[in-house]
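One structure is given below, encoded as structure tokens.
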């Protein structure tokens with residue numbers, strides 16, 4: 001099957017080359033048959049890549065260790081769920097996932113737009129196939145997922161324990177979907193710039209794909225944050241790590257784009273800005289992929305240095321130079337049709353919001369790449385670390401939240417005093433009430449940025465609530481519907497607008513959670529024996545008893561903790577640290593368990609107001625002599641077994657591994673029966689749950705805005721059923737009119 | 001006001017704001033940044049009292065009470081420095097793993113002390129096949 005998989009990749013490369021030539025030739029000659037043929041090449045690519053990916057997944061699910069990638073990232077004992085996800089834990093598999101998703105999304109957009117944008121589409125097809133060529137080439141020439149070995153190992157290395165987390169099933173596909181979806185508007189923008197068709201058509205064609213990219217990328221980022229919070233054992237959800245930033249930058253740029261295109265659609269303004277934004281978003285998406293794979297920046301994610309850096313640098317350089325060249329070439333046609341009437345208008349607020357988002361991207365880009373910039377300028381790498389982000393990102397985030405509340409309230413073109421009074425009185429009053437209440441509560445005023453964020457968050461939520469209330473009231477006045485029905489109808493009839501409002505409210509909730517959890521967190525690093533306790537933020541956390549488990553796969557040491565407040569029991573938590581054996585055969589048979597991967601299981605009580613987060617870090621010093629002694633005993637026994645005849649040696653080694661498992665079990669038993677002090681990290685964080693709730697609200701808003709209009713499925717159903725009726729005119733947007 | 005004059009004023013204000021932001025960013029980066037050194041660079045350049053970010057690969061580790069003692073090696077020159085560290089040890093920390101830790105020199109015997117909770121560790125690479133076979 002590996003041969004078939006490899007053949008699919010090579011065939012895919014050929015299809016890409018043909019599709020590019022057919023599309024460009026068709027565009028140059030005005031030949032629709034060639035253009036259609038180029039588009040169908042994308043469908044063929046999707047079919048071929050689907051088959052290749054299915055072959056790889058099947059190899060993982062069957063634990064076919066003749067595949068190098070399976071032997072390196074899975075094993076026969078890996079649970080089935082993680083076998084499926086292990087496919088994209090490897091460089092090779094993740095590249096194949098990238099190109100597979102790209103081919104699927106490309107097929108979808110080209111199918112949906114097959115009767116529209118006949119001039120732009122061939123160039124967009126060529127660009128999309130250009131990306132596919134690049135990533136397929138990587139899998140063919142640099143990172144072949146179908147490489148096999150004639151002498152497979154008896155067992156695979158297994159999936160990295162840190163990746164054994166439910167969100168890892170969805171986090172990479174979500175991120176890659178976001179990245180690949182961003183190439184769709186990028187490709188159509190290139191097509192629009194080449195053909196000079198720079199009106200709103202290319203935006204209407206691809207807006208939904210930009211929104212989907214924003215949604216998937218956002219979900220991917222949040223799943224990564226959740227994984228970090230519950231899996232990495234440091235108590236945080238965001239570390240400003242280069243790889244985290246690599247996903248955040250295109251998301252922020254895309255956020256700016258999906259707002260600013262509304263101004264182009266309504267007023268014919270910001271054409272050059274919109275084209276530049278989506279070209280930047282697409283380039284940042286590829287930059288993000290590059291950062292994950294090149295290892296050029298030190299990252300907690302550590303993606304070892306690979307040979308893929310140079311091809312990616314060439315691609316990114318081509319994207320940047322090509323984008324800048326096209327924008328400069330078309331600068332005359334990109335002039336706005338109209339001008340900004342007033343700085344107090346919705347379009348001005350959108351513009352300010354865009355500037356804030358772009359400033360955030362710039363800040364993150366600069367600080368992330370500063371070690372490389374400083375090395376190029378001074379010869380020394382200089383790191384600035386996470387604290388450098390805060391002085392810039394925190395004020396920008398505050399302005400962003402303010403604008404996300406102002407935007408829905410302010411009128412297009414020019415605001416009037418009456419508009420201001422009517423729309424702003426209640427939200428501003430709510431924010432002021434929040435301010436007064438929080439000042440009376442005490443303690444909050446010591447954190448002015450958090451205080452401002454709470455007030456602005458209230459302003460946004462109330463302003464969004466007010467808009468919904470007015471919409472429902474207006475609808476009921478004409479239809480006399482009940483409130484729930486009026487609410488649903490209101491949202492259904494203007495999904496884009498109200499989906500956006502919901503997303504704004506979600507952003508406010510999320511950032512309130514971030515402000516509270518980062519400003520009012522209490523943490524305590526403490527060493528405890530069973531029976532001892534520590535106090536954190538009014539909670540008493542007592543080490544009740546040790547727990548342990550031992551298998552051939554890992555040994556775990558942990559603790560049961562009792563959490564109480566004011567003498568009242570709150571929760572019982574269990575936290576463990578698992579030690580997985582190293583794959584290095586030169587290490588001792590017992591000792592390799594403590595030289596491999598480690599994985600924390602966090603003891604967590606998540607609540608609406610507070611999270612109680614605990615993790616144990618066992619001290620291994622007391623068992624080190626026993627481990628060394630065990631290694632010596634097993635070494636001698638293994639050497640003795642090696643001198644026996646093969647059949648006896650095999651039997652002896654089997655016995656030795658049984659004895660090894662017993663030794664590991666004895667270590668676990670020692671931890672339980674004769675426990676020694678252990679280090680604990682105890683954290684009480686307020687409103688962390690609000691971050692996940694806010695993210696879910698944003699996602700719901702995004703899905704509502706993304707959902708196709710009612711006319712779309714009805715029209716399609718009518719076509720499928722063959723019913724007669726007025727044919728949809730060629731210009732009726734199938735995708736866009738929301 | 002003349003619309004073109006209005007546009008010019010807006011552009012000037014926007015560019016001034018962008019320039020101020022960029023200047024603040026550059027100033028902060030250079031003033032708040034710390035040199036990221038390899039083990040051999042650290043041995044050559046370290047001045048007691050000044051802190052540096054040490055980058056390299058862990059070649060040994062052991063616990064001593066609540067402190068973690070480990071050696072960080074320069075991947076090119078095979079020189080290593082000892083670090084005594086207290087604080088959160090990330091899950092991925094292990095021998096053979098790349099780390100970043102903020103350190104300062106203590107005393108004259110080239111003993112480096114890691115600042116609390118400054119240790120970050122490269123995750124076991126998702127994209128590097130493990131060397132190994134079965135255990």
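The values are calculated or read from the model by the stated rules, or taken from the named source; none is laboratory data. This structure is a prediction, so every number in the text was calculated from the model and none was measured. All Cβ positions, glycine included, derive from the backbone under ideal geometry; neighbour counts span all protein chains shown.
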>> So residue A:175 passes all but one of these: (1) at pLDDT below 95; (2) away from chain B (no Cβ under 14 Å); (3) in a helix (DSSP H, G or I). Which condition number does it fail?
In response: (2)
>> Looking at residue A:320 and the list (1) within 14 Å of chain B (Cβ to nearest Cβ); (2) more than 30 Å from residue A:414 (Cβ to Cβ), which single condition is not satisfied?
In response: (1)
>> For residue B:103, only one of the following conditions fails: (1) touching a helix residue (DSSP H, G or I) at 6+ places or on another chain (Cβ under 8 Å); (2) within 26 Å of residue A:523 (Cα to Cα); (3) within 11 Å of chain A (Cβ to nearest Cβ). What is its number?
In response: (3)
>> If residue A:185 meets every condition in (1) more than 14 Å from every other protein chain (Cβ to nearest Cβ); (2) closer than 24 Å to residue A:8 by Cα; (3) touching a helix residue (DSSP H, G or I) at 6+ places or on another chain (Cβ under 7 Å) apart from one, which number is that one?
In response: (2)
> Do you know which residues across region A:654-685 are without any contact (Cβ under 8 Å) to a residue 24 or more places away in the chain and not in a helix (DSSP H, G or I)?
Replying inline: A:674
> Is it true that residue A:371 is closer than 30 Å to residue B:52 by Cβ, free of Cβ contacts under 8 Å to residues at least 40 places away in the same chain and within 12 Å of chain B (Cβ to nearest Cβ)?
Replying inline: no
> Counting just the residues of region B:39-48 that are more than 9 Å from chain A (Cβ to nearest Cβ) and either within 12 Å of residue B:102 (Cα to Cα) or buried (at least 18 other Cβ atoms within 10 Å of the Cβ) (or both), which one comes out modelled with the lowest pLDDT?
Replying inline: B:46
> Limited to region A:529-556, what total is found for residues that are within 14 Å of another protein chain (Cβ to nearest Cβ) and surrounded by fewer than 17 Cβ atoms within 10 Å (Cβ to Cβ)?
Replying inline: 4
>> So, residue A:437, is that one within 15 Å of residue A:512 (Cβ to Cβ) and at pLDDT below 95 or not?
In response: yes
> How many residues does region B:15-38 contain that are exposed (fewer than 13 other Cβ atoms within 10 Å of the Cβ) and at the interface with chain A (Cβ under 10 Å from one of its Cβ atoms)?
Replying inline: 2
> Within the group A:472, A:509, A:526, which residue is touching a residue at least 40 places away in the same chain (Cβ under 8 Å), more than 14 Å from chain B (Cβ to nearest Cβ) and within 35 Å of the chain's Cα centre (by Cα)?
Replying inline: A:509
> Of the conditions (1) surrounded by 24 or more Cβ atoms within 10 Å (Cβ to Cβ); (2) touching a residue at least 60 places away in the same chain (Cβ under 8 Å), residue A:216 fails just one. Which one is it?
Replying inline: (2)
> Can you tell me which residues in region A:367-389 are in a helix (DSSP H, G or I) and surrounded by 20 or more Cβ atoms within 10 Å (Cβ to Cβ)?
Replying inline: A:367, A:368, A:370, A:371, A:374, A:388
>> I need the helices (runs of 4 or more DSSP H) fully contained in region A:445-531, keeping only those with at least 2 residues that are under 30 Å from residue A:616 (Cα atoms).
In response: A:495-519
>> Here is a list: A:513, A:538, A:471, A:499. Which entry is in the same structural domain as residue A:595 (by TED's automatic domain parsing) and either modelled with pLDDT of 90 or more or touching a strand residue (DSSP E or B) at 6+ places or on another chain (Cβ under 6 Å) (or both)?
In response: A:538
> Which of the residues that make up region B:8-27 are under 22 Å from the mean Cα position of the chain (by Cα) and under 24 Å from residue A:353 (Cβ atoms)?
Replying inline: B:24, B:25
>> Take residues that are facing chain B (nearest Cβ under 10 Å) and modelled with pLDDT of 90 or more and tell me which of the strands (runs of 3 or more DSSP E) falling wholly in region A:582-628 contain 1 or more.
In response: A:610-617
> Where residues in region A:326-355 are outside any loop (DSSP other than H, G, I, E, B) and surrounded by fewer than 16 Cβ atoms within 10 Å (Cβ to Cβ), which of them is nearest to the chain's Cα centre (by Cα)?
Replying inline: A:328
>> Quick test for you: out of A:74, A:63, pick the one residue that is within 24 Å of the chain's Cα centre (by Cα), within 14 Å of another protein chain (Cβ to nearest Cβ) and modelled with pLDDT under 95.
In response: A:74
> residue B:88 fails exactly one of the following numbered conditions: (1) within 13 Å of chain A (Cβ to nearest Cβ); (2) at pLDDT 85 or above. What is the number of that condition?
Replying inline: (2)
> What tally of residues in region A:353-364 results from selecting those that are touching a residue at least 12 places away in the same chain (Cβ under 8 Å) and at the interface with another protein chain (Cβ under 10 Å from one of its Cβ atoms)?
Replying inline: 3
> Across region B:52-78, what is the total count of residues that are surrounded by 18 or more Cβ atoms within 10 Å (Cβ to Cβ) and more than 15 Å from residue B:121 (Cβ to Cβ)?
Replying inline: 3
>> Take residues that are out of contact with any helix residue (DSSP H, G or I) (no Cβ under 7 Å at 6 or more places or on another chain) and free of Cβ contacts under 8 Å to residues at least 60 places away in the same chain and tell me which of the strands (runs of 3 or more DSSP E) falling wholly in region B:2-93 contain 2 or more.
In response: B:51-64, B:67-73, B:80-85
> Residues in region A:102-121: is at least one surrounded by fewer than 23 Cβ atoms within 10 Å (Cβ to Cβ), within 14 Å of chain B (Cβ to nearest Cβ), over 21 Å from the mean Cα position of the chain (by Cα) and in a helix (DSSP H, G or I)?
Replying inline: no
>> Tell me the residue from A:208, A:226 that is more than 14 Å from chain B (Cβ to nearest Cβ), in contact with a helix residue (DSSP H, G or I) (Cβ under 9 Å, 6 or more places away or on another chain) and more than 27 Å from residue B:90 (Cβ to Cβ), please.
In response: A:208
